[in-house]
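Data block below; observations after.
The values are calculated or read from the model by the stated rules, or taken from the named source; none is laboratory data. For clarity, every value in this text was computed on a predicted model and none was experimentally measured. Because the Cβ atoms are built from the backbone with ideal geometry, glycine has one as well, and the counts that use them run over all protein chains shown. The accessibility values were calculated without ligands, DNA or RNA, using every heavy atom of the protein model including side chains. Shrake-Rupley method; radii C 1.70, N 1.55, O 1.52, S 1.80 Å.
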Amino acid sequence: MKTFASSITKVFYGTLIHSVSLKQIEYIKQGLLFIDNQGKIARLVKNVAQDKVESTLEGVESDKVIRLNEDQFVIPGFIDTHIHAPQYTFCGNGHDLPLLEWLDTYTFPRESKFADRDYARKLYTKSVARSLRNGTTSACWFATIHLDACKELVDIIQEQGQRAYVGKVNMNQNSPDFLVETTESSVKDTRAFIEYVKGVNSKLNHNPLITPIITPRFAISCTSELLAELGKLAQEYDLPIQSHLCENLNEIGFTMSLFPDSANYTSVYADHGLLNDRTIMAHCVHMKEEELDLMKQKNAGISHCANSNFNLKSGMADVRKMLSKDIKVGLGTDVAGGYSPSILEALRASRSCSVARNVDTTLLVAELFYLATVGGARVMELDDIIGNFEVGKEFDAILVNTAVDNSPVDVFDHDTIETKFEKYLFVGDDRNNEKIFVQGKEVRLPGSNVVSHK
Ligand code: GUN
Ligand code: FE
């Protein structure tokens, strides 16, 4: 007979911290969090005194219990709603140029190297590992136009165990000779890529963690015909969509010269069937009021990429206004427009951006943590599956330790779990990420010095 205890694979005992609303972080002290063999949160009991733990375990063997000490806590994994896998190869370089010149000078030549599948495997292994190690348990990846390299990226993400949306990038105009497709090959390869991911998922005997995402690079690099074909593919396969929107003033001007029949840049995507509740638009720095309203009306999500927007001097997005309109917002690292693959850095840049915009409406710590977790889950339309520790959701999490050897966080006697958590958000880094879990399983990081116990 199947009992509750026999379905449980892990139990955490200690402090659990998650976001329960835009304004509220819940600190669960002496929590018992039960994870089942589907990787789901089966039960959560709060305030369990030490002497009540055994009786609350309901027969779960004590070797399945991970007891946290006073410097450790468990938080939901971070969600990176916008990152370019091939661009990790020049992460930290090329901050001298604005967007369109940056693309021509640095990005396109580097991305063209991914025509070589072996090169892609080597480089993508590092991109994905770096993202995971930084606590990103779910990511929305842009690859390149190259089908074989896109397949490699999917294989690597699957091997490393991250939850992901993966996009084969589409580009059939205003692109260099060495990084461009025909309309026909772009559509054909996108279809082949979608079928490939479905095949990979069908081989796995757990819930599919990897979803293909329709990825027109941006309107500038796709003809109207290609955009329309991609809109149809998204509908045919019921897939999410990602692109770039209103990042830079020259980009907007060029886009409107290419699509004079659309009312504004946001409408270009809407007019081609690419703006709906599964759409993720990165940046949205220079949005007209009616464009934000259109995003809301379509229930499309925004990836706020503050680090990138500072680096490429694109501007500062008005996240407070987006939130006041109840538009879905998550955080994106936008490597390598952004110089860091860490959502912690994205969170810090988001705070700086909000302060620089208006000191009276800065984003609060609770709001920033929400954007990094639940906000990202909403943008991916996965908020009934991930984002926090509600019972029934899947367990994607980071076991944080503020007192590891070499910790960038220093802990003092006066610190509480609340101040340790805030220090982690603003001072911590991947050294503090002691263990990372996706769908209940601990992720083994290649090249990592993290010792896996299970
Ligand atoms: N717009 C079109 N392509 C890109 C890209 O690779 N990075 C950024 N930041 N913006 C883009
Ligand atoms: Fe980007």
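Residues in region 18-42 near a label at Lys2, defined as backbone nitrogen under 16 Å from the 7 Å Cα→Cβ point?
Within reach of a label on Lys2: 35-42.
Cα axis of helix 224-237 to longest principal axis of the chain: angle in degrees, 0 to 90, nearest 10?
On a 0 to 90 degree scale, this one is about 30.
With r defined as the distance between the Cβ atoms of Glu225 and Gln38 and R0 fixed at 56 Å, what FRET efficiency is calculated, to the nearest 0.05?
It comes out at approximately 0.80.
Note the full-extension length gain between Ser185 and Asp360 as 0.36 nm times their separation in residues minus their Cα-Cα distance, in nm to one decimal.
Details: separation 175, 0.36 × 175 = 63.00 nm, distance 5.05 nm.
Result: 58.0 nm gained on full extension.
For region 83-181, what are Rg and Dmax over the alpha carbons, in angstrom?
When restricted to the Cα atoms of region 83-181, Rg and Dmax are 13.2, 37 Å.
Quick check: at a probe of 1.4 Å, how many percent of the accessible area of the chain sits on carbon and sulfur atoms?
Carbon plus sulfur share of accessible area: 48 percent.
Under a crude label model (7 Å from the Cα following the beta-carbon direction), how far is Asp118 from Glu58 in nanometres?
Taking the simple label geometry, Asp118 and Glu58 are separated by 5.4 nm.
Need one number: nm distance between label points at Asn69 and Glu159, each 7 Å from Cα along Cα→Cβ, rounded to one decimal.
Result for the modelled spin labels: 3.5 nm.
Just to confirm the number: angle between the C-alpha axis of helix 147-160 and the first principal axis of the chain, 0 to 90 degrees, nearest 10?
Tilt relative to the chain: about 10 degrees.
As a test, work out the antiparallel percent of DSSP beta bridges whose residues both lie in the chain, rounded to the nearest 5.
45
Compute the acute angle (0 to 90°) between the alpha-carbon long axis of helix 289-298 and the principal axis of greatest extent of the alpha-carbon atoms of the chain; round to the nearest 10°.
Taking the Cα atoms of the chain, the angle to 289-298 is about 60 degrees.
How big is the Kirkwood radius of region 252-384, worked out from every pair of different alpha carbons and given in Å to one decimal?
15.0
Need the full-extension length gain, Asp261 to Glu289, defined as separation in residues times 0.36 nm minus the C-alpha distance. One decimal, nm.
Additional length available on full extension: 8.2 nm.
With charges only on Cβ, +1 for K and R and -1 for D and E, what is the dipole size of region 1-114 about its Cα centre, in debye, rounded to 20?
Dipole of region 1-114, to the nearest 20 debye: 460 debye.
Can you give me the long-range amide H partners of Ala282? Hydrogens built in the peptide plane at 1.01 Å from N, cutoff under 5 Å, separation of 5 or more residues or another chain.
Ser243, His244, Leu245, Ser303
Can you pull the one-decimal nm distance between simple spin-label points at Glu236 and Ser352, each 7 Å off the Cα toward Cβ?
For Glu236 paired with Ser352, the spin-label model returns 4.5 nm.
If you stretched the chain out fully between Leu249 and Lys313, how much longer would it get, using 0.36 nm times the residue separation minus the C-alpha to C-alpha distance?
22.0 nm
Let me have the 222 nm mean residue ellipticity of the chain computed from DSSP H runs of 4+ only, each contributing -39500 (n - 2.57), with the sum over all residues rounded to the nearest 500.
Numbers: 16 runs with 154 residues, N = 454.
After summing the helix terms and dividing by the residues of the chain, the value is -10000 deg cm²/dmol.
Would you mind working out the accessible area per residue for region 178-224, using a 1.4 Å probe, and quoting it in Å²?
Result: 42 Å² of accessible area for each residue.
By what distance, in whole Å, do the Cα atoms of the chain stretch along each of the three principal axes, largest value first?
70, 52, 40
In region 174-265, what chymotrypsin sites (Phe, Trp or Tyr not before Pro) fall in a loop by DSSP, with at most 12 other Cβ atoms inside 10 Å?
Phe178
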